[in-house]
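The values are calculated or read from the model by the stated rules, or taken from the named source; none is laboratory data. Keep in mind the model is a prediction, meaning the values are calculated, not measured. Note that we place each Cβ from the backbone using ideal geometry, even for glycine, and neighbour counts take in every protein chain shown.
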Amino acid sequence: MERRVMLKLVAAGVLAPRVNAGPQHLISIAPQAAYTLEFFTAPQNEMLDRLSDIIIPTDEHSPGAHEARVSHFMDVMLSESPEDVRQAWRSGLALVDEESKKQFRRPFLELSRPEQEKIVARMAANEKDPKSDLERFFGRVKQMTINGYYTSRIGIDQDLKYMGDRPLSEFPGCNHPEHQQ
């Protein structure tokens, strides 16, 4: 689901019981203890939580996708998606497990973090020109992770340090030497 569609659904009240729109039109999933999965099973949610956290991990700058509850964002988005889109996600998650069993003889959720990172690296190997369904699925997971993360309080406030719509007395522009003309 595209961000514009999601925001229209929130504005129309379709997603209102599941999400809270805060200032600056940020989307935050209801507190973790209150959230009930609507589309994914608990193991599928856990798999998406780990995949998204590998894509956007916690670092010294800000918390990652796990803390932003990106997998819950994905669940909300997929619960409102057409059946063909839902089936593509179910199939994609099954492909991740197949790849995991092929490489490590265990399901993805039973792998160590370094082993899971190897699976994600395999999925992302041809990111610019995906050749397999697994590689195409990576593109969907990555895009949804980015959308969920950067519409969360953690992504927008802590990672981007967004200050809101404020007038600036001057705009200094980019000061990176490689961007100077």
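Residues of the range 56-74 include at least one that is under 20 Å from GLU115 (Cα atoms) and of a type in the set (Val, Ile, Thr). The one condition from (1) surrounded by fewer than 18 Cβ atoms within 10 Å (Cβ to Cβ); (2) within 23 Å of the chain's Cα centre (by Cα) that GLY148 does not meet is (1). Can you find a residue that is part of a helix (DSSP H, G or I) and surrounded by 10 or more Cβ atoms within 10 Å (Cβ to Cβ) anywhere in the range 164-180? No: zero hits.
Taking (1) among the aliphatic types (A, V, I, L, M); (2) closer than 21 Å to ASP75 by Cα; (3) more than 19 Å from the chain's Cα centre (by Cα) in turn, ILE154 satisfies each apart from (3). Looking at LEU111, is it in contact with a Ser or Thr (Cβ under 9 Å, 6 or more places away or on another chain) and free of Cβ contacts under 8 Å to residues at least 12 places away in the same chain? So LEU111 passes the test. Taking the range 31-141 and the helices (runs of 4 or more DSSP H) fully enclosed by it, the elements with 2 or more residues that are among the small types (Gly, Ala, Ser) and either modelled with pLDDT under 95 or within 27 Å of ASP157 (Cβ to Cβ) (or both) are at 70-79.
The single condition among (1) over 13 Å from ASP53 (Cβ atoms); (2) within 16 Å of the chain's Cα centre (by Cα) that LYS142 does not meet is (1). Within the range 85-102, residues that are free of Cβ contacts under 8 Å to residues at least 60 places away in the same chain have Cβ atoms under 6 Å from residues that are among the β-branched types (Val, Ile, Thr) and surrounded by 13 or more Cβ atoms within 10 Å (Cβ to Cβ) in these pairs: GLU99/ILE119; SER100/ILE119, counting only partners at least 6 apart in sequence or on another chain.
Close contacts from the range 157-181, counting a first residue that is on the phi > 0 side of the Ramachandran plot and a second that is surrounded by 10 or more Cβ atoms within 10 Å (Cβ to Cβ) and assigned to a helix (DSSP H, G or I), with Cβ to Cβ under 7 Å and a gap of 6+ residues or different chains, come to GLY164/GLN24. Enumerate the pairs (first residue in the range 129-153 and over 15 Å from ILE56 (Cβ atoms); second residue anywhere and outside any helix (DSSP H, G or I) and at pLDDT 95 or above) with beta-carbon separation below 8 Å, excluding pairs fewer than 6 apart on the same chain, so at least 6 apart or on different chains. Between residues of the range 129-153 that are over 15 Å from ILE56 (Cβ atoms) and residues that are outside any helix (DSSP H, G or I) and at pLDDT 95 or above, the close pairs are GLU135/ALA124.
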